[in-house]
Amino acid sequence: MTDAEQRLWWHVRRKRLGGVQFYRQKPLGRYIVDFYAPAAQLVVELDGSQHMTPEGLRADGLRDAALGRMGLRVMRFDDREVLLETEAVVGAIWRVLMTRLG
């Protein structure tokens, strides 16, 4: 795991975030997602700099569309954001969880 993945994993593992189970490096269809909360049908992806290239952005768009067709909501954060604004990222995930879980 990257430093950003380790930091976010600490916050979401063991049902620490609202009692919701998250899995990491979870296969979904033909993809492996960074974090997945099945109860909320939520995928959280952390993006390094390779995702900011035109090719990376195009691939991510196709991936997000495919996951969306599976009924999943995809949230993306860049690694730097997770490392420097951890509480804001966790708060954003929390808000989506509460919306999706009612």
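For the range 67-83, how many residues are touching a strand residue (DSSP E or B) at 6+ places or on another chain (Cβ under 9 Å) and either in a helix (DSSP H, G or I) or farther than 20 Å from THR99 by Cβ (or both)? Step through it out loud before you land on a result.
Step one: of the range 67-83, the residues touching a strand residue (DSSP E or B) at 6+ places or on another chain (Cβ under 9 Å) are 67-68, 70, 72-79, 81-82.
Imposing the further condition that a residue be either in a helix (DSSP H, G or I) or farther than 20 Å from THR99 by Cβ (or both) reduces the set to 67-68, 78-79, 81-82.
Of the residues in the range 67-83, 6 are touching a strand residue (DSSP E or B) at 6+ places or on another chain (Cβ under 9 Å) and either in a helix (DSSP H, G or I) or farther than 20 Å from THR99 by Cβ (or both).
For the range 24-48, give me the residue count where each residue is touching a strand residue (DSSP E or B) at 6+ places or on another chain (Cβ under 7 Å) and farther than 18 Å from GLU5 by Cβ. Step through it out loud before you land on a result.
Looking only at the range 24-48, we keep the residues that are touching a strand residue (DSSP E or B) at 6+ places or on another chain (Cβ under 7 Å), and these are 24-26, 28, 32-36, 41-47.
Now drop any that are not farther than 18 Å from GLU5 by Cβ, which leaves 41.
So the answer is 1.
In the range 21-49, how many residues are closer than 24 Å to GLU87 by Cα and at pLDDT below 95?
First pass over the range 21-49, keeping only residues closer than 24 Å to GLU87 by Cα: 21-26, 33-49.
Subset that is at pLDDT below 95: 47-49.
Result for the range 21-49: 3.
Is there a residue in the range 5-20 that is in contact with a strand residue (DSSP E or B) (Cβ under 6 Å, 6 or more places away or on another chain), at positive phi and either among the hydroxyl-bearing types (Ser, Thr, Tyr) or modelled with pLDDT of 95 or more (or both)?
No, because not a single residue in the range 5-20 is in contact with a strand residue (DSSP E or B) (Cβ under 6 Å, 6 or more places away or on another chain), at positive phi and either among the hydroxyl-bearing types (Ser, Thr, Tyr) or modelled with pLDDT of 95 or more (or both).
Any idea which residue in the range 10-33 is surrounded by the fewest Cβ atoms within 10 Å (Cβ to Cβ), counting only those that are within 17 Å of VAL96 (Cα to Cα) and in contact with a Lys or Arg (Cβ under 7 Å, 6 or more places away or on another chain)?
Result: GLN21.
Which of the residues spanning the range 84-102 are in contact (Cβ under 8 Å) with a residue 60 or more places away in the chain and outside any helix (DSSP H, G or I)?
Let us first name the residues in the range 84-102 that are in contact (Cβ under 8 Å) with a residue 60 or more places away in the chain, namely 86, 89-90, 93-94, 97-98, 100-101.
Within the range 84-102, no residue meets the criteria.
Scan the range 49-93 for residues that are in contact with a Leu (Cβ under 6 Å, 6 or more places away or on another chain) and over 20 Å from THR2 (Cα atoms) and jot them down.
ARG73
In the range 1-66, which strands (runs of 3 or more DSSP E) lie fully inside it and hold 2 or more residues that are farther than 20 Å from ASP78 by Cβ and in contact with a helix residue (DSSP H, G or I) (Cβ under 9 Å, 6 or more places away or on another chain)? Don't jump to the end; show me each part of the working.
Details: elements: 23-28, 31-37, 42-47.
The strands (runs of 3 or more DSSP E) meeting that bar are 23-28.
Would you mind telling me which numbered condition in (1) crowded, with 17+ Cβ neighbours inside 10 Å; (2) under 16 Å from ARG100 (Cβ atoms); (3) of a type in the set (A, V, I, L, M, F, W, C) ALA4 fails?
For ALA4, the failing item is (2).
The values are calculated or read from the model by the stated rules, or taken from the named source; none is laboratory data. Predicted model only: the values in this text are computed from it and were never measured. FYI the Cβ positions are ideal-geometry reconstructions off the backbone, even for glycines, and counts take in every protein chain you see.
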